[in-house]
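The values are calculated or read from the model by the stated rules, or taken from the named source; none is laboratory data. Keep in mind it's a predicted model, so treat the numbers as computed, not measured. Note that we place each Cβ from the backbone using ideal geometry, even for glycine, and neighbour counts take in every protein chain shown. Side chains are part of the model used for accessible areas, which takes the heavy atoms of the whole protein and leaves out ligands, DNA and RNA. Shrake-Rupley method; radii C 1.70, N 1.55, O 1.52, S 1.80 Å.
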Amino acid sequence: MKEDRIQLFDKTFKPYIRHEQIIAAIDKVAEEINADYRGCQDIPVVLCVLNGSIPFTGELLQRLEFNCQLVSIKLSSYQGTQSTGTVLNVMGLTSNVRGRRVIICEDIVDTGNTIVALKEMLLDKEGAADVRICTMLLKPDVYDKNEKLDYVGMSIPNAFIVGFGLDYNELGRNIKDIYVIDE
Ligand code: 5GP
């Protein structure tokens, strides 16, 4: 239906993943993380990759049943609708993670450049004891790294999406559902 479409700048997007489906995927991922960390003696770090992962991390955090600390980092590798391939460290970590177990919360893994560079940086430069990757969405057709993705909410085909934190030039992050570009 034409009315379902949304317009962000020059691009039109159509409904793709309903909010309820996103929440079900987060429930599943939270269960897996709880099974691995429940009863732990340390305080693992839940690392929110700003800005796109804010809604995902917020929902996930409420479902975690062990003591954990929320830390954020801001990176950037996307401009418009194409990954630039370079990961820029825009803003440092909001807290030290040396010696800590870290669970990275990412909105979406595309080529994997961002997540692999971030994991390497946390282990080599920041001295994290262990780093696991949790992503709400994965584009398996594009992901070309050997790095294991520990927790994956949902796999999707290679298309540009917005909503639930994901943006098109900073617009669309506030939309509850996920929309795909209408080409
Ligand atoms: P990668 O480094 O894996 O190629 O890209 C990861 C980052 O690119 C994500 O954190 C996200 O910010 C952005 N990204 C990848 N695919 C999409 C997409 O379909 N839509 C939006 N809005 N951002 C994306």
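Within the stretch 134-149, is even one residue away from the ligand (no atom under 15 Å from the Cβ) and not in a strand (DSSP E or B)? Checked against the condition, which is being away from the ligand (no atom under 15 Å from the Cβ) and not in a strand (DSSP E or B), the stretch 134-149 yields no hits at all. Considering the conditions (1) surrounded by 16 or more Cβ atoms within 10 Å (Cβ to Cβ); (2) over 20 Å from Asp150 (Cβ atoms), Gly52 is excluded by exactly one of them, (2).
The set of residues in the stretch 103-133 that are surrounded by fewer than 20 Cβ atoms within 10 Å (Cβ to Cβ), small (Gly, Ala, Ser) and more than 9 Å from the ligand (Cβ to nearest atom) comprises Gly127, Ala129. Please work out if Gln69 is farther than 20 Å from Arg100 by Cβ, under 18 Å from the mean Cα position of the chain (by Cα), among the polar types (S, T, N, Q) and surrounded by 13 or more Cβ atoms within 10 Å (Cβ to Cβ). Answer is no for this residue.
Each row is one residue, and each column tells you yes or no for (1) under 27 Å from Glu170 (Cα atoms); (2) touching a helix residue (DSSP H, G or I) at 6+ places or on another chain (Cβ under 8 Å); (3) of a type in the set (A, V, I, L, M, F, W, C).
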| residue | (1), (2), (3) |
| --- | --- |
| Arg18 | yes, no, no |
| Ile54 | yes, no, yes |
| Glu59 | yes, yes, no |
| Phe66 | no, yes, yes |
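Residue count for the stretch 150-168 under the criterion of being assigned to a loop (DSSP other than H, G, I, E, B) and near the ligand (Cβ under 9 Å from one of its atoms): the result is 6. Only one entry of Met136, Met154 meets the criterion of being within 21 Å of Asp27 (Cα to Cα) and open to solvent by less than 40 Å² (accessible area, probe 1.4 Å), and that entry is Met136. Tell me, which residue of the stretch 167-176 that is touching a strand residue (DSSP E or B) at 6+ places or on another chain (Cβ under 6 Å) and either closer than 17 Å to Thr135 by Cα or among the hydrophobic types (A, V, I, L, M, F, W, C) (or both) is least open to solvent (accessible area, probe 1.4 Å)? By that ranking, first place goes to Ile175. Selection over the stretch 1-18 of residues that are at pLDDT below 95 and of a type outside the set (Asp, Glu) gives a count of 2.
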